[in-house]
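J.: One structure coming up, written as structure tokens, with questions to follow.
The values are calculated or read from the model by the stated rules, or taken from the named source; none is laboratory data. Keep in mind the model is a prediction, meaning the values are calculated, not measured. Neighbour counts run over all protein chains shown; Cβ positions are idealised from the backbone, glycine included. For the accessible areas, the whole protein counts, side chains as well, though only heavy atoms, and no ligand, DNA or RNA atoms are used. Shrake-Rupley method; radii C 1.70, N 1.55, O 1.52, S 1.80 Å.
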Amino acid sequence: MVTKADNSRGQVFFVDDEPGVCAAVKETLEESNIKVCCFVHPAESLAQLRRGRCDLLITDLKMSEKNGIELLREARELAPWVPVLIVTGYGDVPTAVKAMKCGAVDFIEKPLGKDGFLEKVNLLLERSRTVPLDGFRALTRMETKVLRLVVKGVSNRDIARALTRAVRTIEAHRASLMRKLGVHNMIELIKLASVIGMVDLTTRPGMTGDALQIDDRLNDVLQTGQ
């Protein structure tokens, strides 16, 4: 179910298997001039994610067909640049930690207070607007798979083996995705990937600028430029 609004401030996908919750969220977001597609079936949201634009995916945690963590994982595979907000009435620290490790940008508990919910959504949409997403959206499904493996430090040869493709084919996909993303080397690619949460770059206390602590799995890539 898709709602339309002119000059909207973003496109949100909301997934919850309770129609009443979907209706309430739809009304709240539309009042703030935010476009929203509501889904009671998680699989439908994934199908639409493959085809349409999404600036923020919001999903309930407890659903009968597919839980929020499973949806989060599949969404991150399909479109890793889309931020995912987890909503639940059963919040606890272990669940929040698991959601964050799987790539959620935030975690919010029910009942959803209108003002707090809108503040959270607007903040995440504003962050999305600061990220150059057009290049990511232009990637093919295979290029997205290659990107995920490249930023993990996997070599072209191992990517080819994992995806059952020729090495030259992987090299072509890699060149194409870098061109679409407007990056010229692995350093630029990894920094861009970090913006959307594909790579974890953290700054050590006292360090500034490019003095970054890189995830161990990326050290070889940064050192060799592979």
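J.: Look through Gly182, Gly153 and report the one residue that is at pLDDT 80 or above, on the phi > 0 side of the Ramachandran plot and surrounded by 17 or more Cβ atoms within 10 Å (Cβ to Cβ).
T.: From the options Gly182, Gly153, the qualifying one is Gly153.
J.: On to the next question. Are there any pairs, at least 6 apart or on different chains, whose C-beta atoms fall under 6 Å, with the first in segment 22-39 and in a helix (DSSP H, G or I) and the second acidic (Asp, Glu) and open to solvent by less than 10 Å² (accessible area, probe 1.4 Å), and if so, which?
T.: What qualifies is Cys22/Asp16.
J.: In addition: Restricting attention to segment 87-103, and to residues there that are touching a Lys or Arg at 6+ places or on another chain (Cβ under 9 Å) and surrounded by 18 or more Cβ atoms within 10 Å (Cβ to Cβ), which single residue is nearest to Val199 (Cα to Cα)?
T.: Gly103
J.: What is the one condition in (1) open to solvent by less than 50 Å² (accessible area, probe 1.4 Å); (2) aliphatic (A, V, I, L, M); (3) over 22 Å from Arg50 (Cα atoms) that Ala175 does not satisfy?
T.: (1)
J.: Here's something else I'd like to know. Cβ-Cβ distance below 6 Å, separation of 6 or more or different chains: which pairs start in segment 166-179 with a residue that is at negative phi and end on one that is open to solvent by 60 Å² or more (accessible area, probe 1.4 Å)?
T.: Matching pairs, first to second residue: Val167/Arg157.
J.: Could I ask something else about it? Considering only residues that are open to solvent by 40 Å² or more (accessible area, probe 1.4 Å) and within 21 Å of Met198 (Cα to Cα), which ones fall in segment 52-77?
T.: Listed by number, the residues that qualify are Arg53, Glu70, Arg73, Glu74, Glu77.
J.: With respect to the numbered conditions (1) open to solvent by 20 Å² or more (accessible area, probe 1.4 Å); (2) part of a loop (DSSP other than H, G, I, E, B); (3) in contact (Cβ under 8 Å) with a residue 12 or more places away in the chain; (4) on the phi < 0 side of the Ramachandran plot, which one is the sole condition not fulfilled by Asn122?
T.: Going through (1) open to solvent by 20 Å² or more (accessible area, probe 1.4 Å); (2) part of a loop (DSSP other than H, G, I, E, B); (3) in contact (Cβ under 8 Å) with a residue 12 or more places away in the chain; (4) on the phi < 0 side of the Ramachandran plot one by one, Asn122 breaks only (2).
J.: Looking at segment 126-160, which of its residues are free of Cβ contacts under 8 Å to residues at least 24 places away in the same chain and closer than 12 Å to Trp81 by Cβ?
T.: Asp134
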